[in-house]
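The values are calculated or read from the model by the stated rules, or taken from the named source; none is laboratory data. Given the structure is predicted, the values throughout are model-derived calculations rather than measurements. All Cβ positions, glycine included, derive from the backbone under ideal geometry; neighbour counts span all protein chains shown.
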Amino acid sequence: MITGAGDGTRCVHGGRGDDVLGAPVHPGPVLSSTFHLGLPADPTPPDFYGRADNPTWRALEAAIGLLDGGGCVSFSSGMAAIAAVLRVGAPRGALVLPSDGYYLARALAHGELAPLGVEVREVPTAGEWPDGVLDGAGLVVVETPSNPGLDVIDIEWAAGAAHAAGALLAVDNTTATPLGQQPLELGADLTVASDTKALAGHGDVVLGHVSTRDDELLARLREARSRGGAIPGPMEAWLAHRGLATLDLRLARQAANAAALVEVLLRHPAVRDVRWPGHPDDPSHAVAARQMRRWNGVLGFTLPSTEAVGEFLAVSRLVGSATSFGGLRTTADRRQRWGDDVVDGQVRLSAGCEDPADLVADIRAALDAVRR
């Protein structure tokens, strides 16, 4: 009934099932780790042990899969999700990763997979890829917009290049969200995300997922989750499903706030290197506008020094100092402290859902304090 519906309708109704007389409108999480098996002659039920499956996971996966356009497997974190993708893809050949993507994904590849004999190669999100970098590749991973640089790669081009080399393409879609971008529709084999961020949206869960249209890959991912034990908690899955219902509303306000803040940042003398693919003057805007359905609230800019970032955060009343993004409250962090290869003063800011006028006034005042 809701397959062809709009974003808001799919967010609210996805994974909810049919209404049943007397049943709760918002059923709670299934917390049991054990389920009745019946007699030896009875068929094995869908739920028999808490590490294998759970009705609360399936409800969330149905909702996310509806947005992603494929089958979905939920994981205990975004890193667990990307780790499963890397391990499923590793036996196929060399692993190609973005050199400017999330640093822990690269750390996992170099620290755990490379010692096992997996050849790990890195390519930039924006710009030319070296000749021959896809030769013998089994899995290509891209992240777009990248984190924290917010560069964008053409997903259709990347899918064509990967497939021509005999490799799978996985797209980290965390920054864009399933409403902002549809990697599977653009030719990717897998889309992966940290649902800790905008999808759940309230800063109260750690969760991740992978979606695909390939039934064999879907089965391997479920098997990898069960074998590795990287399963989501039922309460976390329930909270994420609850948060997902307002993703459409939250994304609209966050994008509107980001658009307003970018105009302030571009005009302020204390700021340089402002990045937000939604702005017409952003270097990534042309590619992003072709493949992104909607903008989001994550933007980047650079202040003169580490001390300037500290002053900015200390003066602001509305911007929280935190290292996640996509939540209700506006947050910011200095990215170099986490190992990203960026300058001292680079800031990733996640616009929240505050009143736009209040947020603009607050951030302008904080920037003025940095300039003084």
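For this structure, a couple of remarks:
- Residue check, ARG58 more than 30 Å from TRP295 (Cβ to Cβ) and modelled with pLDDT of 90 or more: yes
- Unmet requirement for GLY17, which otherwise passes all of (1) surrounded by fewer than 16 Cβ atoms within 10 Å (Cβ to Cβ); (2) free of Cβ contacts under 8 Å to residues at least 24 places away in the same chain: (2)
- Among (1) surrounded by fewer than 24 Cβ atoms within 10 Å (Cβ to Cβ); (2) in contact with a helix residue (DSSP H, G or I) (Cβ under 7 Å, 6 or more places away or on another chain) - the single one THR212 does not satisfy: (1)
- Scanning the stretch 152-174 for residues that are of a type in the set (Asp, Glu), outside any strand (DSSP E or B) and either buried (at least 24 other Cβ atoms within 10 Å of the Cβ) or not assigned by TED's automatic domain parsing to the domain that holds SER194 (or both) returns no hits.
- A residue that is within 16 Å of the chain's Cα centre (by Cα) and either surrounded by fewer than 23 Cβ atoms within 10 Å (Cβ to Cβ) or in the same structural domain as LEU168 (by TED's automatic domain parsing) (or both) can be found somewhere in the stretch 47-62.
- Residue under evaluation GLY50, criteria (1) at pLDDT 95 or above; (2) closer than 18 Å to LEU221 by Cα, criterion not met: (1)
- When LEU150 is tested against (1) among the aliphatic types (A, V, I, L, M); (2) at positive phi; (3) over 22 Å from the mean Cα position of the chain (by Cα), exactly one condition is not met: (3).
- Of all residues in the stretch 90-106, those that are in contact with a helix residue (DSSP H, G or I) (Cβ under 9 Å, 6 or more places away or on another chain) and more than 12 Å from ASP172 (Cβ to Cβ) total 5.
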